[in-house]
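**Q** The following block contains the structure, expressed as structure tokens.
The values are calculated or read from the model by the stated rules, or taken from the named source; none is laboratory data. It should be emphasised that the depicted structure is a prediction, and the values quoted were computed from it without experimental measurement. Virtual Cβ from ideal backbone geometry, glycine too; neighbours counted across all protein chains shown.
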Amino acid sequence: MKHSINIMVFTAAVFAASSCAVIRQADDRKVTADPSGYVLTPDQNDSVRLEMNFNIPGKYLSSRARLVITPELVTGGYTRERFEPIVADAPIYARKMNRKEVLESYEDPYKDIRTSAEGFRSGFVMPYTRTVHIPEDVRTARIRAVISGDGCAECSAVDTVEIASVTTPLELEENFRTAWMEPQFVIRPKIREGKGEAHLQFVINKSDIRPEMGNNRAELDSMLAVLAPVMNDTLATVNSLSIYGMASADGSYSFNAALARNRADAAMKWLLEHVDVKPAVKKIIRVGSKPEGWWPVYEAMKSDGHPDTLEVKRILETYTDGNDDVQERYIRRLACWQDIKTKYLQKDRKVEYTYSYTVRSFTRDAELLEMYSRRPDAFNEEEFLRVASLASGVESRMKDVYGTIQRYFPDSQTAANNLAVICLGHEDVAGALEALSPLDEYSPETMNTLGVCHVKNGNVSQAAELFGKSDTEQSRYNLGLLTARSGDMEKAYQLLAPYRDLNSAIAALNTGRTAEADGIMQELDIQSPVAEYVRSLISARNGQAEALFDHLARACADPELKARAEDEADFAPYREDMRFVEAIK
């Protein structure tokens, strides 16, 4: 903030005796300001505009005096800032000053702003127009003008005239709101699906599995590691298991399809030899074959940059009817057939398996808690969230459950939101952001919670954007708080009015809606210093002196509110009352 221009004073001891000649007047002959007693609100640059005329009555100033009017900012009875003065010299004073400057090379500090006090005998007007800066920490203050009859407050009497009050809107309590998500516990079938493949090598045109060939042992063990836990899980009911052999591209389609099916059947038998499969599951296992076709060959050639790749593609796109025997006939005619045969036909054959199963649902709270400690892998999101709700009141336990949910369901909006809300309750903004980070998309609730994180990190523009997009009850309230912070009180009031809480009462007061603020406060049973200060403002505007003093005494338990009350514009009519003095002291 720029510093205000302080008054320049000097002591002209040489002619002080002759110049200290203010004519003291009765009250009806004092200097007045027009207008006066109005209320100023600093703009976004912490500035206010002073535009007024000082009316100087006739014979207020002697012919040998200089008149200096200095506006100053007063807080708590003390001068906080002095602003640039206006100066008028009576004729004899002006001549003496001119002689002093010529003969003694005197530098008059007011040389650039002094004017001639023409008409000083009958009265004259001194206009004052300035933009002055208010210190950022000032909430309420008074602006008065100090009037010196010779420019030297040390050796002449001083008058003062009240000009205006400076008041910033009463600040809202920035209790930004988040939404706690408590979904309804719904029992849903937990159907899970999976698939995998084993790359196995077989003797040419044979279907029996030989674990010692190539990497067959590792591939079979990998398939077993996937399927055995499902088959042996006492909480799971297997719905389907299908095993397909992948038919080779080269050779007769019918022969390859039969061979592939036999290889799938061999894989099934090997699985049954190594896993204790229930008879009911054995009945639902299906085996079959799938044509591999020539497209994998094309992809391998393309990846290798083979020059005849486009020729193969043309054949595949031209001959699409029936099985792949026709495509093979034309591919074999290509000059690159030997390359295809030796380089791009797969050396191993895949066995693909797909499966689905249903995990038993947990419906009773006691069962949910027991199984959570034993088998969290068997839970769906709804069951996890029910466990979290059962831990309500024990935040450490809730955080543990929400963290577990995020491991199994990283896109859970409820887990992310509620974990972030818990962190924000402890002012752990970093923890809240970490809880929200797994989400790729945001629900209205998580978007609002993310906005609160941005507010606390000082990213107000990002927060406002998120609150606007969220459009929930909480986000509209939060946007109202940010709007009030920006100074747009009318818009803030429109956003906050539906909530009828302390902040909506403050917004109503700040926009001149005293009756509405009064109605809201009568509905609220809040006795905080801020609430009492609001009631004292309402009482002052309604002319209820006793209620004002009563509420103000309780509000002044807060030192900041006490300092504000001393110069609050609404309290001006009561400032000289001893009950007011007692209330704030």
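**Q** Suppose we keep only residues that are surrounded by fewer than 14 Cβ atoms within 10 Å (Cβ to Cβ) and under 18 Å from residue 191 (Cα atoms) within the range 361-397. Which one would you say is nearest to the chain's Cα centre (by Cα)?
**A** Residue satisfying both the conditions and the ranking: 377.
**Q** Kindly indicate which of 416, 432 is assigned to a helix (DSSP H, G or I), touching a Pro at 6+ places or on another chain (Cβ under 8 Å), free of Cβ contacts under 8 Å to residues at least 60 places away in the same chain and surrounded by 20 or more Cβ atoms within 10 Å (Cβ to Cβ).
**A** So the residue among 416, 432 that is assigned to a helix (DSSP H, G or I), touching a Pro at 6+ places or on another chain (Cβ under 8 Å), free of Cβ contacts under 8 Å to residues at least 60 places away in the same chain and surrounded by 20 or more Cβ atoms within 10 Å (Cβ to Cβ) is 416.
**Q** Counting only residues that are more than 13 Å from residue 351 (Cβ to Cβ), over 60 Å from the mean Cα position of the chain (by Cα) and not hydroxyl-bearing (Ser, Thr, Tyr), how many does the range 233-264 have?
**A** Residues flagged as more than 13 Å from residue 351 (Cβ to Cβ), over 60 Å from the mean Cα position of the chain (by Cα) and not hydroxyl-bearing (Ser, Thr, Tyr) within the range 233-264 amount to 6.
**Q** I've got another one for you. In the range 209-246, what residues are among the polar types (S, T, N, Q) and over 19 Å from residue 278 (Cβ atoms)?
**A** Residues satisfying the conditions are 215, 216, 222.
**Q** Give, as residue ranges, the strands (runs of 3 or more DSSP E) completely inside the range 32-126 that count at least 3 residues that are hydrophobic (A, V, I, L, M, F, W, C).
**A** It comes to 47-57, 66-75, 86-89.
**Q** Here are the criteria: (1) without any contact (Cβ under 8 Å) to a residue 12 or more places away in the chain; (2) of a type in the set (S, T, N, Q); (3) not assigned by TED's automatic domain parsing to the domain that holds residue 226. Tell me which single one residue 380 does not satisfy.
**A** It fails just one condition, (1).
**Q** Among the residues of the range 341-356, is there at least one that is within 30 Å of residue 252 (Cβ to Cβ), assigned to a helix (DSSP H, G or I) and without any contact (Cβ under 8 Å) to a residue 12 or more places away in the chain?
**A** For the range 341-356, residues within 30 Å of residue 252 (Cβ to Cβ), assigned to a helix (DSSP H, G or I) and without any contact (Cβ under 8 Å) to a residue 12 or more places away in the chain: present.
**Q** Select, from 525, 567, the only residue that is part of a loop (DSSP other than H, G, I, E, B) and buried (at least 20 other Cβ atoms within 10 Å of the Cβ).
**A** Exactly one residue qualifies, and that residue is 567.
**Q** Any residue at all in the range 232-250 that is of a type in the set (A, V, I, L, M, F, W, C), within 30 Å of residue 436 (Cβ to Cβ) and in a loop (DSSP other than H, G, I, E, B)?
**A** Within the range 232-250 (the criterion being of a type in the set (A, V, I, L, M, F, W, C), within 30 Å of residue 436 (Cβ to Cβ) and in a loop (DSSP other than H, G, I, E, B)), the answer is no, since none of the residues qualifies.
Listed here are the residues, each with its yes/no results for (1) within 16 Å of the chain's Cα centre (by Cα); (2) polar (S, T, N, Q); (3) farther than 23 Å from residue 379 by Cα.
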| residue | (1), (2), (3) |
| --- | --- |
| 408 | no, no, no |
| 437 | yes, yes, no |
| 440 | no, no, no |
| 450 | yes, no, yes |
| 488 | no, no, yes |
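**Q** I'm checking my understanding of the structure. Among residues of the range 472-500 that are surrounded by fewer than 18 Cβ atoms within 10 Å (Cβ to Cβ) and closer than 13 Å to residue 173 by Cβ, which one is modelled with the highest pLDDT?
**A** Among those that are surrounded by fewer than 18 Cβ atoms within 10 Å (Cβ to Cβ) and closer than 13 Å to residue 173 by Cβ, it is 499.
**Q** With the structure loaded, tell me whether residue 404 is surrounded by fewer than 19 Cβ atoms within 10 Å (Cβ to Cβ) and over 30 Å from residue 301 (Cβ atoms) or whether it fails that test.
**A** yes
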